[in-house]
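See structure below.
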Amino acid sequence: MTQETEIDYALIFKTERDKLGLTRQQLGEALGLKSHRKTIAKIENGTSKPSLLLYTCFKYFLALEELKKITNKKY
């Protein structure tokens, strides 16, 4: 029997956004969202979960930011 683990999207989004020093609006714009602050706020407050596509884009964005730190290049 498998046990599903609930992902705490609110904690992930808030923690990573704080690490990057971005506002909700800046993160929303970077992810290409129409309702920048509102969408990020709902996720961080736990009232909404991101779609799989949005979460994938978020993880990709974090990976690019990490790559920029390592290589000191802009992508």
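Stretching E6 away from T56 to a fully extended chain increases their span by 16.4 nm, per 0.36 nm per residue minus the current alpha-carbon distance. Hey, got a sec? Which trypsin sites (Lys or Arg not before Pro) in segment 1-71 land in a DSSP loop and have at most 10 other Cβ atoms within 10 Å? Answer in residue order: K34.
Surface composition of the chain: carbon plus sulfur atoms contribute 53% of the solvent-accessible area (1.4 Å probe, protein chains only, all chains present).
Each residue, K68 and K38, gets one label point 7 Å from its Cα in the Cβ direction; the gap between the two is 2.7 nm. To the nearest ten degrees, helix 52-71 and the longest principal axis of the Cα atoms of the chain are 30 degrees apart. Probing with 1.4 Å while keeping every protein chain in the model, the per residue accessible area of the chain equals 77 Å².
The values are calculated or read from the model by the stated rules, or taken from the named source; none is laboratory data. As the structure is a computational prediction, the values presented were derived from the model and not from experiment. Neighbour counts are summed over all protein chains in view; Cβ atoms, including those assigned to glycine, are modelled from backbone coordinates with ideal geometry. Side chains are part of the model used for accessible areas, which takes the heavy atoms of the whole protein and leaves out ligands, DNA and RNA. Shrake-Rupley method; radii C 1.70, N 1.55, O 1.52, S 1.80 Å.
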